[in-house]
Amino acid sequence: MENKQSHKLRKIFDSMIANLCFIGAVWIVFLMVIIFADVVGRGLFNTPIPGIPEIVKNSIVGLTFLQIAHVLRKGRHIRTTVIYDRVPQYWKKVLDTMASLAGMIVFIMIFFATLEPAYRAFVTWNFEGNYVRIPTFPTYALILLGSLLMTLQFALSMYDSLRRPRAKTDKGA
């Protein structure tokens with residue numbers, strides 16, 4: 001049985017990734033507005049808004065890493081279930097555990113691969129773009145944060161999968 005401390009930490013974590021997902025949704029609305037304004041400016045006045053391509057390019061990456069842990073928590077990732085639906089509960093646990101382990105490994109690798117460029121972008125205060133200069137460190141920071149949260153969410157998913165009771169219809173699988 002879970003103790004109250006771990007239940008409270010789990011609620012805080014779940015709330016944090018839900019709030020980051022909400023921030024990402026608001027950010028998407030903001031992007032829709034500025035992209036619309038850019039398109040109108042191009043089409044009607046032959047004057048695009050400077051910096052929109054750079055803002056959108058960095059935002060898409062940041063948005064993905066802000067929202068991805070919440071998507072995993074809710075079980076909304078695309079998943080092929082051709083084999084999964086046909087195996088007994090025991091093997092579903094094995095597959096879920098292996099998928100979570102593989103996900104943890106991938107996001108740990110992304111985290112460590114991003115550390116050096118993030119550090120370099122922070123120290124040199126690197127910018128992207130010509131006309132409007134967008135700092136690159138915030139995007140790297142979101143990749144680091146999102147990778148860390150995904151690793152933790154995969155660990156929680158694996159823990160949940162291993163704790164899930166066996167179905168009564170399973171016959172020694």
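Every read-out reported here was derived from the displayed coordinates using simple, explicitly stated rules and does not represent laboratory data. A quick note: this is a predicted structure, and the numbers were derived from the prediction, not measured. Using ideal geometry, Cβ is built from the backbone for each residue, glycine included, and neighbour counts are taken over all protein chains shown.
Taking amide H as placed 1.01 Å from N in the peptide plane, the amide H of N126 sits under 5 Å from that of T136, F137, each at least 5 places away or on another chain. Note on the chain: Lys pairs 8 or more places apart or on different chains, Cα atoms under 22 Å apart, count 8.
Looking at the chain as a GNM with Cα springs under 10 Å, which of F13, F45, F112 has the largest mean-square fluctuation? Per the Cα network of the chain with a 10 Å cutoff, F45 tops the list.
With no solvent and one equal point scatterer per Cα, compute the Debye intensity ratio I(q)/I(0) for the range 1-123 at 0.16, 0.22 Å⁻¹ and report its log10, rounded to two decimals. Ignoring solvent entirely, the Cα scatterers give -1.05, -1.29. When the charge dipole of the range 4-163 is built from unit charges on Cβ atoms (+1 for Lys and Arg, -1 for Asp and Glu) and taken about the Cα centre, the candidate among A118, I78, F13 whose Cα reaches farthest toward its positive end is F13.
This model, with +1 at the C-beta of Lys and Arg and -1 at the C-beta of Asp and Glu, gives the range 4-163 a dipole about its Cα centre of some 660 debye.
With the helix formula -39500 (n - 2.57) applied to DSSP H stretches of n ≥ 4, the chain reaches a computed 222 nm mean residue ellipticity of -26500 deg cm²/dmol.
With springs connecting C-alpha atoms under 10 Å apart, model the chain as a Gaussian network and identify which of S157, S15, S147 has the largest mean-square fluctuation. So, out of S157, S15, S147, the one fluctuating most is S15. Once the Cα-Cα distance is subtracted from the 0.36 nm per residue extended length, the K74 to R163 segment shows a gain of 30.3 nm. Computed over the Cα atoms of the range 39-93, what is the convex hull's projected area averaged over all directions, in nm²? One quarter of the hull surface, i.e. the mean projection, equals 6.4 nm². Comparing F22, F107, F36 in a Gaussian network model of the chain where C-alpha atoms under 10 Å apart are linked, the largest mean-square fluctuation is found at F36.
Of the trypsin sites (Lys or Arg not before Pro) in the range 1-87, the ones in a loop by DSSP (not H, G, I, E or B) with at most 16 other beta carbons within 10 Å are K74, R76, R79.
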